[in-house]
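Worksheet: one structure, shown below.
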Amino acid sequence: MSETKKELIKPNVVDSDDDGTICLGESFFIDDNYELTTFTFGPHVLQLLCLQSASTDFDLTGQLVWPGARLLNEYLSNNAELLQGCSAVELGSGVGITGILCSRFCNEVVLTDHNDEVLKILNKNIDLHESSENPNSCAALSAEKLEWGNTDQLNQILQKHPEGFDLVLGADIYILQNSVPPLFETVKELLLLRSGKEGCKFILGYVSRSKMMDVMVPKEAVKHGLQIREVEGTRSVIANLEGVIYEITLSN
Ligand SMILES: C[S@@+](CC[C@H](N)C(=O)[O-])C[C@H]1O[C@@H](n2cnc3c(N)ncnc32)[C@H](O)[C@@H]1O
């Protein structure tokens, strides 16, 4: 490769084959210029590292905060009694804004995601939060890899938490059609661990982006033996889109 070509490309993201073909390393495609950003939910102020705009790669959607998380966090900060003293697991945590807010009220929060790059920033945000020595924070926070529908990964988490969780949380986590059935498989497994006990539910911050998904999400929940209920008074406009909080439980 000529020196001029090398100078045009960041040195740490390029390699060349024996025949001189330029190979771009994966870091060439990843934007990790995270900015420390302040978010306020009622009286709660959170500072997190995140991107400000979406990556072109759909799988890196978790690098920024989505409207569903803003909606869910507003709801949770206004209804903090739902979280008080609970254990919670969050699915598709992204940068962790929901799980980290919940750590102000819960006893224990496990934040999960399937994307390794997203897990890196999620862990950084957990460290940041813990090192800020926030006197309001009381929960043990951890991050775990979890791809929806992957029972091995779920079982690994459950080995550490055999009693399951009081709450399952999710915000803006139904971007792709084919991820909705495995999402509800995982939700059902988590809810079944607490069947018979009161208070175990999946709280979903839902933002409407397509009519197809508006129909598919409740339909899949029911198909998986779950009941889905819109929480009264939560339908609102967020980032010019309609959002709502759903509570999802095992069907009787
Ligand atoms: C649109 S982002 C929402 C992130 C965060 N909850 C928020 O609202 O800001 C969707 C998140 O779900 C994760 N995700 C997508 N598909 C997944 C899957 N099949 N299993 C586990 N996580 C997944 C992504 O990595 C991403 O972090």
What's the total number of residues in the range 107-116 that are among the hydrophobic types (A, V, I, L, M, F, W, C), crowded, with 24+ Cβ neighbours inside 10 Å and either within 13 Å of the ligand (Cβ to nearest atom) or in contact (Cβ under 8 Å) with a residue 40 or more places away in the chain (or both)?
1
Can CYS86 be described as touching a residue at least 60 places away in the same chain (Cβ under 8 Å), of a type in the set (A, V, I, L, M, F, W, C), more than 8 Å from the ligand (Cβ to nearest atom) and open to solvent by 10 Å² or more (accessible area, probe 1.4 Å)?
yes
Verdict on GLU74 being open to solvent by 70 Å² or more (accessible area, probe 1.4 Å), part of a helix (DSSP H, G or I) and free of Cβ contacts under 8 Å to residues at least 24 places away in the same chain
no
Of the numbered conditions (1) surrounded by 22 or more Cβ atoms within 10 Å (Cβ to Cβ); (2) within 12 Å of the ligand (Cβ to nearest atom); (3) farther than 21 Å from VAL207 by Cα, SER103 satisfies every one except a single condition; which is it?
(2)
Specify the residue that is nearest to GLU242 (Cα to Cα); the eligible residues are those in the range 178-211 that are among the hydroxyl-bearing types (Ser, Thr, Tyr) and open to solvent by less than 60 Å² (accessible area, probe 1.4 Å).
SER208
Can you tell me how many residues in the range 212-252 are closer than 17 Å to TYR174 by Cβ, touching a helix residue (DSSP H, G or I) at 6+ places or on another chain (Cβ under 7 Å) and either assigned to a helix (DSSP H, G or I) or open to solvent by 20 Å² or more (accessible area, probe 1.4 Å) (or both)?
9
Looking across the range 45-69 at residues that are more than 10 Å from the ligand (Cβ to nearest atom) and open to solvent by 30 Å² or more (accessible area, probe 1.4 Å), the single one that is modelled with the lowest pLDDT is THR56
Taking strands (runs of 3 or more DSSP E) that fall entirely within the range 80-178, which contain at least 2 residues that are among the small types (Gly, Ala, Ser)?
87-91, 140-145, 167-171
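The values are calculated or read from the model by the stated rules, or taken from the named source; none is laboratory data. Note that the structure is a prediction, hence the values are computed from the model and not measured. Cβ sites come from the backbone with ideal geometry, for glycine too, and all protein chains shown count toward neighbours. Please note that ligands, DNA and RNA were not included when accessible areas were found on the heavy atoms of the full protein model with its side chains. Shrake-Rupley method; radii C 1.70, N 1.55, O 1.52, S 1.80 Å.
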